[in-house]
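The values are calculated or read from the model by the stated rules, or taken from the named source; none is laboratory data. The model shown is predicted, which means the values in this text are computed figures rather than measured ones. Neighbour counts run over all protein chains shown; Cβ positions are idealised from the backbone, glycine included. Surface accessibility is based on the protein's heavy atoms, side chains included, excluding ligands, DNA and RNA. Shrake-Rupley method; radii C 1.70, N 1.55, O 1.52, S 1.80 Å.
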Amino acid sequence: MKGNVALAQITAIFFLLLAIACSDDQPTAEKTDPKTEKLTLLPGFRAERLFSPSENEMGSWVSMTFDDKGRMIASDQYGYLYRLELPAIGTDSIASKVKPERLFFNLDTAGGAPQPKLEMGYAQGLLWAFNSLYVVINRSDYDTVLRRGSGLYRLQDTDNDDQFDKITLLKQMDGYGEHGPHSVVLSPDKNALYVVAGNFTKIPEMNAYRNFPDEQIDNLTPFIKDPNGHDNTVGKHGGWVARVDSTGSHWELISSGFRNAFDLAFNDEGELFTYDSDMEWDFGTPWYRPTRVCHITSGSEFGWRPGTDKWSPVFPDNLPAILNIGQGSPTNVTYGGSARFPEKYRKALFVFDWSFGIAYAVHLEQAGASYKASAEEFISGSPLPLTDGAIGPDGALYFLTGGRRLQSDLYRVHYTRDIGDEPHAAPTVTAELKLRRELEAYHGQPRAGAVDFLWPHLQHPDRFVRYAARIALEHQPVDEWKEKAYQENDPVTLIQAGIALARKAKAKDKPRIIKMLLGVDYDGLSESQKIDITRAFELVFARMGMPDAASRAAVITYFNPRYPAGGGNELNRQLSKLLVYLGDPQAVEKTIAILPLAKDDNSDGQETATNSSDLIMRNPQYGLDIAGMLAKLPPLQQTYYATVLGSAKNGWTSELREKYFKWFYDAFGYKGGHSFVGFIDGARKMALANTPASQRDYYNTISGDSLVAGAVAGPNARAIKPKGPGRRWTVEAAVKLADSGITQRNFKTGKDMFAATLCSSCHHMRGEGGTSGPDLTQLGNRFSYKDMLEAIIEPDKTVSDQYGATVFYLKGGGSVVGRLISEDKDKYVISQNPFAPQVTRDISKKDVVRARTSEVSPMLPGLINRLNAEELKDLLAFLKAGGNEKDTIFSAPKP
């Protein structure tokens, strides 16, 4: 007995010592926090949840910065600014020590009259610099007191009482919402600011321009607008980045052509990076571009354009990503330079994905004038809607979750192991990077000696150097160098000069430019150089119009024998659209011959860091959904050929038309993104318009006209009625029901209630359903039951600008409400029925006095009021599982 007691005492002491030894990696306080425990971290890193804004009724935080006293300043997306002091790493009872204060300020008044305390918020970007707080406000309206809307503001404390008392609007911006103005960061030399805005934000007037955002689409692919209305009402320049001095008096455009880059970061070499978003509705189309990390250089262009006309990354007049991630919703970008992390992570970019709750560490490797990159999952969680992050004064990574009024939390991640005095490797500059910067010194304005210096580098083997040289050339007066271009013999230099001439010369120069390009020995070029020369011709035609008959015949003769080409698909895409545009009589026959045989490849350089198998293992629900889509994924190259042929007017025979239109019938069975069917139908209708009127009905039938509605909306919902009895559900009552437990539910009933409550009429779920509302397949990964119920019961509380309606006030009195699909100089095109979004109405602009965004959601309230408690539970389970019948929420009880 005594021996057993002694053994028990020794065992107890052993486990006590073991617990003490392990406490450095996981403190006791953190074991009780389920949110922190669910995070996936790399070895040696530890996360702490410091504060919950939403639990303290402070909103949903989306931006942060640190002031000169080490305090954090953060902003609610739809509310106020807050300032908070943070406890030191290792402090116990962290939550009780974080006490944010709302920031107030008083305006200066000339007469000395007392003013009420005022507030500012709605900030998607915050930066402390120049003893000031810079704020990027993103909102659609103006404050009635301060008249502040979207723009860059500077807040100052002029009397040193630790309260802001001066507000200066540095630049008002025309844009708002999820694709509006976003972030502001400090330049490496600490002498300037850099601002980034999304593609719904017009480029304001600048003092200087390093690239040329001239609203040119520059693409001969037949233009089909997004059928669901995205990006149809804004400019063609895409998102942009500008450099600004501290006073906001000098703005210089640095880069454009992004979709919706949200944040910026500089690395040790002083190079600038962003994480740009994809257009998930384009998934399954040849113009889809994944989320991607971009190296932003002077004068850079990244090729975002509306609808079908996004540029390929291989086009020489834009720059490629240094890393394609995959699907997601990019938010924060932070560099780890000041982090108290191992060297590998101090030299990494940290990029956040809001949709899937992943923070990637992006490791950079210098490659000539740019970088290669790889991604490593650094933090992940589900749900973990990451919004912003920053390296704090203590060397830890702080990050926020929230956005769209979701549950919001503040976390800190620090490294628990000793890194000693590990030195931070000094930045290095390659010879190519040094040369690129020398060329960039000629961007922005004409300079003596520029042409002589840059000309030899138009043929440089490094793409980023060639690009910098051409942009420098385009900033010089064209009359100073066009004759030099015409006399050039080197094919690479000649092609780059031809691109520059297409962009900067006059239409009268078109015959000489075409003759110059036709002098290149095409067969002596590499495949990438062949793409470059086809792009040069394309730019000439896109900018200067169809060539004369003789030139047109000469270009057809030049390219026709080389089509179709061996090698990658990108070259054949270029050749097909050029020859169809020029009216080559053999283009249709040749393209129809290769259309059904075309196989997809990676010649566009868009391989992603994530793939289906990775997603299946990491997140079964998302992976199964992607796997289902891949089973019916549209053939990209075939889709491209079909789209190009939609504009072909000659070269057709009855047999060729029969083969072509029957392709569409099968295409409506593929599964792509939200807009895939609309794009395919747009190409089909374009082609139908080119058929003889007497045969149009026949081709309309065999091309699957009867399938379009079903392909858009999915299988028709059966006439299902809830059993009831229903009730007037409130958020409080419905959340209480959900909190009582939702397990072992009935999948069939949940799916039936999804139809009975009209959810399937507007929303996609696992590739089926309507298109006027967001896809709900990933709802359970992003939203809690409370979030879901608030959106269902109180739809007006948060209305996404991508799905909201617009109110048009008419001159004759009254108003019209609808979702804006597109507009031109004469009219607005709106959709008013969410259950039939394809039915549109035109409103003449001359009849409209003004327009504003509606605060009323197109989603109807009370849709669940016919459900009884059990039916509501089954519906919530169906939503949480993303329509996945195999989800454990539907598992039968264990015996």
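Within region 174-187, which residues are at pLDDT below 95 and either assigned to a strand (DSSP E or B) or open to solvent by 10 Å² or more (accessible area, probe 1.4 Å) (or both)? If the condition is that a residue be at pLDDT below 95 and either assigned to a strand (DSSP E or B) or open to solvent by 10 Å² or more (accessible area, probe 1.4 Å) (or both), then Asp174, Tyr176, Gly177, Glu178 are the ones that fit. Answer yes if at least one residue in region 38-58 is at pLDDT 50 or above, open to solvent by 30 Å² or more (accessible area, probe 1.4 Å), in a loop (DSSP other than H, G, I, E, B) and of a type in the set (Ser, Thr, Tyr), and no otherwise. Checking region 38-58: not a single residue is at pLDDT 50 or above, open to solvent by 30 Å² or more (accessible area, probe 1.4 Å), in a loop (DSSP other than H, G, I, E, B) and of a type in the set (Ser, Thr, Tyr).
Within region 472-483, restricting attention to residues that are open to solvent by less than 30 Å² (accessible area, probe 1.4 Å) and assigned to a loop (DSSP other than H, G, I, E, B), the residue that is farthest from His443 (Cα to Cα) is Trp481.
Hey, any hits in region 229-251 for a residue that's under 21 Å from Arg437 (Cα atoms), open to solvent by 30 Å² or more (accessible area, probe 1.4 Å) and in contact with a Pro (Cβ under 9 Å, 6 or more places away or on another chain)? There is no residue in region 229-251 that is under 21 Å from Arg437 (Cα atoms), open to solvent by 30 Å² or more (accessible area, probe 1.4 Å) and in contact with a Pro (Cβ under 9 Å, 6 or more places away or on another chain).
Determine whether region 484-499 contains at least one residue that is touching a Phe, Trp or Tyr at 6+ places or on another chain (Cβ under 6 Å), among the small types (Gly, Ala, Ser), surrounded by 23 or more Cβ atoms within 10 Å (Cβ to Cβ) and at pLDDT 95 or above. There is no residue in region 484-499 that is touching a Phe, Trp or Tyr at 6+ places or on another chain (Cβ under 6 Å), among the small types (Gly, Ala, Ser), surrounded by 23 or more Cβ atoms within 10 Å (Cβ to Cβ) and at pLDDT 95 or above.
Pairing each residue of region 154-173 that is open to solvent by less than 70 Å² (accessible area, probe 1.4 Å) with any residue that is assigned to a strand (DSSP E or B) and β-branched (Val, Ile, Thr), provided the two are 6+ apart or on different chains, yields C-beta distances under 6 Å for Arg154/Thr168; Leu155/Ile167. Per this entry, Tyr809 is counted among residues that are at pLDDT below 80 and part of a strand (DSSP E or B).
Residue count for region 321-340 satisfying the condition of being in contact with a helix residue (DSSP H, G or I) (Cβ under 8 Å, 6 or more places away or on another chain) and either within 14 Å of Phe378 (Cβ to Cβ) or not small (Gly, Ala, Ser) (or both): 3.
For region 418-435, the condition holds for no residue, the condition being that it is crowded, with 19+ Cβ neighbours inside 10 Å and of a type in the set (Lys, Arg). Count of region 653-677 residues, restricted to those that are outside any helix (DSSP H, G or I) and among the basic types (Lys, Arg), is 1. For region 250-275, the set of residues classified as small (Gly, Ala, Ser) and either in contact with a Leu (Cβ under 8 Å, 6 or more places away or on another chain) or closer than 12 Å to Tyr194 by Cα (or both) consists of Ser255, Ala265, listed by residue number.
Pairing each residue of region 204-218 that is of a type in the set (Lys, Arg) with any residue that is assigned to a loop (DSSP other than H, G, I, E, B), provided the two are 6+ apart or on different chains, yields C-beta distances under 8 Å for Arg210/Ser298; Arg210/Gly299; Arg210/His443; Arg210/Gly444. Only residues that are open to solvent by less than 20 Å² (accessible area, probe 1.4 Å) and touching a His at 6+ places or on another chain (Cβ under 8 Å) were counted across region 734-775, and they come to 5. Kindly indicate the residue of region 316-328 that is under 12 Å from Arg289 (Cβ atoms) and open to solvent by less than 10 Å² (accessible area, probe 1.4 Å) and also farthest from the chain's Cα centre (by Cα) among those meeting that condition. So the residue we want is Asn318.
Counting only residues that are without any contact (Cβ under 8 Å) to a residue 60 or more places away in the chain and under 15 Å from Tyr335 (Cα atoms), which one in region 362-375 is least open to solvent (accessible area, probe 1.4 Å)? Quick ask: steps written out before the conclusion?
Taking region 362-375 first, the residues without any contact (Cβ under 8 Å) to a residue 60 or more places away in the chain are 363, 365, 367, 372.
In the following step, the residues that additionally are under 15 Å from Tyr335 (Cα atoms) were identified as 363, 365.
On the way: His363: 33, Glu365: 111 Å².
By that ranking, first place goes to His363.
How many residues are without any contact (Cβ under 8 Å) to a residue 60 or more places away in the chain and assigned to a loop (DSSP other than H, G, I, E, B) when one looks only at region 190-199? Spell out how you get there, then give the answer.
Looking only at region 190-199, we keep the residues that are without any contact (Cβ under 8 Å) to a residue 60 or more places away in the chain, and these are 191-192, 197.
Adding the requirement that they be assigned to a loop (DSSP other than H, G, I, E, B) leaves 191-192.
Result for region 190-199: 2.
Write out, first by first residue and then by second, each pair whose Cβ atoms fall under 6 Å of each other, whose residues are 6+ apart or on separate chains, and whose first residue, in region 127-139, is touching a residue at least 40 places away in the same chain (Cβ under 8 Å) while the second is among the basic types (Lys, Arg) and open to solvent by less than 10 Å² (accessible area, probe 1.4 Å). Filtered contacts from region 127-139: no entries. In region 333-343, the count of residues that are in a strand (DSSP E or B), surrounded by fewer than 23 Cβ atoms within 10 Å (Cβ to Cβ), in contact (Cβ under 8 Å) with a residue 12 or more places away in the chain and of a type in the set (A, V, I, L, M, F, W, C) is zero.
Scanning region 77-104 for residues that are crowded, with 22+ Cβ neighbours inside 10 Å and in contact (Cβ under 8 Å) with a residue 60 or more places away in the chain gives Gln77, Leu86.
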